[in-house]
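**Student:** If you scroll down you'll find the structure; I have some questions about it.
Every number in this text was worked out from the coordinates using simple rules, so none of it is lab data. Treat the numbers as computed from the prediction; the structure is a model and nothing was measured. Quick reminder, even Gly has a Cβ in these numbers, built from the backbone with ideal geometry, and neighbours come from all protein chains shown.
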Amino acid sequence: MLITVLSFLVTLGVLVVVHEWGHYRVAVACGVKVLRFSVGFGRVLWRHQRDREATEFVICALPLGGYVRMLDEREGHVQPYELDRAFNRKPLPARAAIVSAGPLANLALAVLLYAAAHMLGIVEPKAVLSAPPPASLMAAAGLDGGDWVRSWSRDGQEWQDVQSMTDLRWQITQAALAGEDLQLMVSDRDGRGNRNVQLPLSKLGVHDLDAQALKAIGLTPAFSEPVLGEIKPGGPAAAAGLRRGDRVLSIDGRDLRDAYSVREAIMQGVRDGRAREQHWRLERDGQVLELPVRPRVHEDGERQIGRIDAYVGGPAEVVTVRQGPVDALVLGARRTWEVSALTLRMLGRMVVAQASLRNLSGPLTIADVAGQSVQQGLAYYLSFLALVSVSLGVLNLLPLPMLDGGHLMYYAFEAVTGRPVSELWLARLQRGGIALLLMMMSVALYNDLARLLGLH
């Protein structure tokens, strides 16, 4: 819990400081007087000001954001000798640059964070597949458990190496959302028998990356051996005589080659709300055994599935993905662009009801994932920090009142018409923007709580 809270505060602090620093530095460069640089809101916990004319730097009690307060005639009296340093007196290009600098600073930070993570090296599962569901697109294309995906291509001419399972999932989901087919070069686990597999993702018409869409594609966890780990005393596995190290060969006559398939078969051991006995065939110490196993009924949201109270699966084979400085920066820029485009695409689909509002996440989810990524290692945390930084940058550029993008929208109107937005319309748009932001925050917080309570 402490790690989660601290990692969340560090995440929020870094992103807020970088965002506001972007506004601050460009404002200073444009000759605008900055009165206060604040991290957080509410009661001031710490302040520093070199002299009365310098910027006041403060840290406040509520760390959910920050702001840069600039000299502005619309917010108070400005002395005549300082009018040339007031924000509202600056030309339109300068004001637009100051406002856009915050989100752009977050996007620039994301590039550097992704690059740093790639330079450190990220340990990820190797792109060896578990068996995809029988009715999925990947199964129909001939992919099976134990296949190693080596490279991918959109046109069959230019091929890119698949560096890990994470990379493969990213490329497949990107192609699916774009409605484009994908070609994969596949071999067996030892690198023998290369073959070309065509994934006709354009036929799916996927608009949302929910669990159902991923199942339709056939994306499963990385391959792991179908062996049993820790057995919980008193559970169905222990009662059936299963032991740690047992290799599962088949369940009810169906041959199983990977741990994912075993877990899926166990989950199907419940029918009409009642557990049914399964016939297991397994290997133990070089001998083949046959045992009856009856899973217990487990409530999983609105459905009932089977559980045996045992860990299923050996450790997945992993690779370390590491790049040199130049390649890491290129990859960082590319990943920032791809995540930005994906974020905008998902937001657009949520607006037109083609994607679920469940995709919105709030501070509780961010805190939880921050804590998990810290425990996985520095490279994972930097990648997570980059992801949140991209989200913050993109969201702030949306043309919504109260956000930086809303101010840029006002400036675009001023550039076209030659006059600023009227005070009446500013007030109306501000009220609408506040209502919309409160609604988005409420949905995000509800989603957070629903995930924690297992309702999603």
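**Student:** Can you tell me the FRET efficiency between Val288 and Lys215 if r is taken as the Cβ-Cβ distance and R0 is 25 Å, rounded to the nearest 0.05? Each step should come with its number before you reach the end.
**Tutor:** Working: r = 32 Å, r/R0 = 1.28.
That gives a FRET efficiency of 0.20.
**Student:** Charges at C-beta only: +1 for Lys and Arg, -1 for Asp and Glu. How large is the resulting dipole of the chain about its Cα centre, in Debye rounded to 20?
**Tutor:** 760 debye
**Student:** Please give me the summed charge of the neighbours of Val186: other residues whose Cβ is under 9 Å from its Cβ, Lys and Arg +1, Asp and Glu -1.
**Tutor:** After counting each charged neighbour, the total is 0.
**Student:** Work out which helices of the chain, taken as complete DSSP H runs, extend at least 30 Å along their axis over the Cα atoms and score a mean Kyte-Doolittle of 0.5 or more, then list them.
**Tutor:** Those that pass (Cα extent of 30 Å or more, hydropathy at least 0.5) are 2-29, 92-120, 325-351, 423-452.
**Student:** With r defined as the distance between the Cβ atoms of Met439 and Ala341 and R0 fixed at 25 Å, what FRET efficiency is calculated, to the nearest 0.05?
**Tutor:** Approximately 0.50, to the nearest 0.05.
**Student:** Here's another thing I want to ask about it. Just add up the charged neighbours of Leu92: K/R +1, D/E -1, any other residue whose Cβ is under 12 Å from the Cβ of Leu92. Mind showing how you got there, number by number?
**Tutor:** Values: positive: Arg89, Lys90, Arg95, Arg419; negative: Glu414.
That works out to +3.
**Student:** Based on the Cβ-Cβ distance from Arg50 to Arg431, what FRET efficiency comes out when R0 is 41 Å, to the nearest 0.05?
**Tutor:** After rounding to 0.05, the efficiency reads 0.60.
**Student:** Right, next: Could you give the nm distance between label points at Arg36 and Tyr311, where each point is 7 Å from its Cα heading toward the beta carbon?
**Tutor:** 5.1 nm
**Student:** Here's a follow-up. Along the charge dipole of the chain, which of Leu83, Ala175, Gln430 sits closest to the positive end, that is, farthest toward it, with unit charges on the beta carbon of Lys, Arg, Asp and Glu (+1, +1, -1, -1)?
**Tutor:** Of Leu83, Ala175, Gln430, it is Leu83.
**Student:** Run through the DSSP bridge list for the range 228-312 and note the antiparallel percent, rounded to the nearest 5.
**Tutor:** So the antiparallel bridges amount to about 100 percent of the total.
**Student:** Could you give the length gained by full extension between Leu424 and Val330, i.e. 0.36 nm per residue of separation minus their alpha carbon distance, to one decimal place?
**Tutor:** Stretched fully, the Leu424-Val330 segment lengthens by 29.2 nm.
**Student:** Let me ask something else. In the chain, how does Rg compare with the Kirkwood Rh, expressed as the Rg/Rh ratio over alpha carbon atoms?
**Tutor:** Numbers: Rg = 27.0 Å, Rh = 25.6 Å.
That ratio is 1.05, to two decimals.
**Student:** Net charge around Arg334, counting only other residues with Cβ within less than 15 Å of its Cβ (Lys, Arg = +1; Asp, Glu = -1)?
**Tutor:** Summing Lys and Arg as +1 and Asp and Glu as -1 gives -3.
**Student:** With the alpha-carbon atoms as the only input, what is the per residue convex hull volume for the range 219-309 in Å³?
**Tutor:** Normalising the Cα hull of the range 219-309 by residue number yields 106 Å³.
**Student:** Full extension from Met267 to Glu158: what is 0.36 nm times the residue separation minus their Cα-Cα distance, to one decimal in nm?
**Tutor:** On the way: separation 109, 0.36 × 109 = 39.24 nm, distance 4.08 nm.
The Met267-Glu158 span can extend by a further 35.2 nm.
**Student:** Which residue, Cys60, Ser250, Ser187, has the largest displacement toward the positive end of the dipole of the chain when charges sit on each Cβ (Lys, Arg +1; Asp, Glu -1)?
**Tutor:** Selected residue: Cys60.
**Student:** May I pose another question? Roughly how many Å is it from the Cα centre of the range 87-128 to that of the range 265-328, as a whole number?
**Tutor:** 41 Å
**Student:** In the P(r) worked out for the range 137-217, what percent of Cα pairs fall beyond 21 Å?
**Tutor:** 22 percent
**Student:** Run lengths n ≥ 4 of DSSP H only: what is the helix-derived mean residue ellipticity at 222 nm for the chain, with -39500 (n - 2.57) per run over all residues, to the nearest 500? All intermediate terms of the calculation are to be shown ahead of the outcome.
**Tutor:** On the way: 12 runs with 200 residues, N = 456.
Result for the chain, helices only: -14500 deg cm²/dmol.
**Student:** Now for a separate question. Would you mind calculating the gained length between Lys203 and His279 on full extension (0.36 nm times residue separation, minus the Cα-Cα distance), in nm to one decimal? Write out the running numbers ahead of the final one.
**Tutor:** Working: separation 76, 0.36 × 76 = 27.36 nm, distance 3.79 nm.
Going from the current span to full extension adds 23.6 nm.
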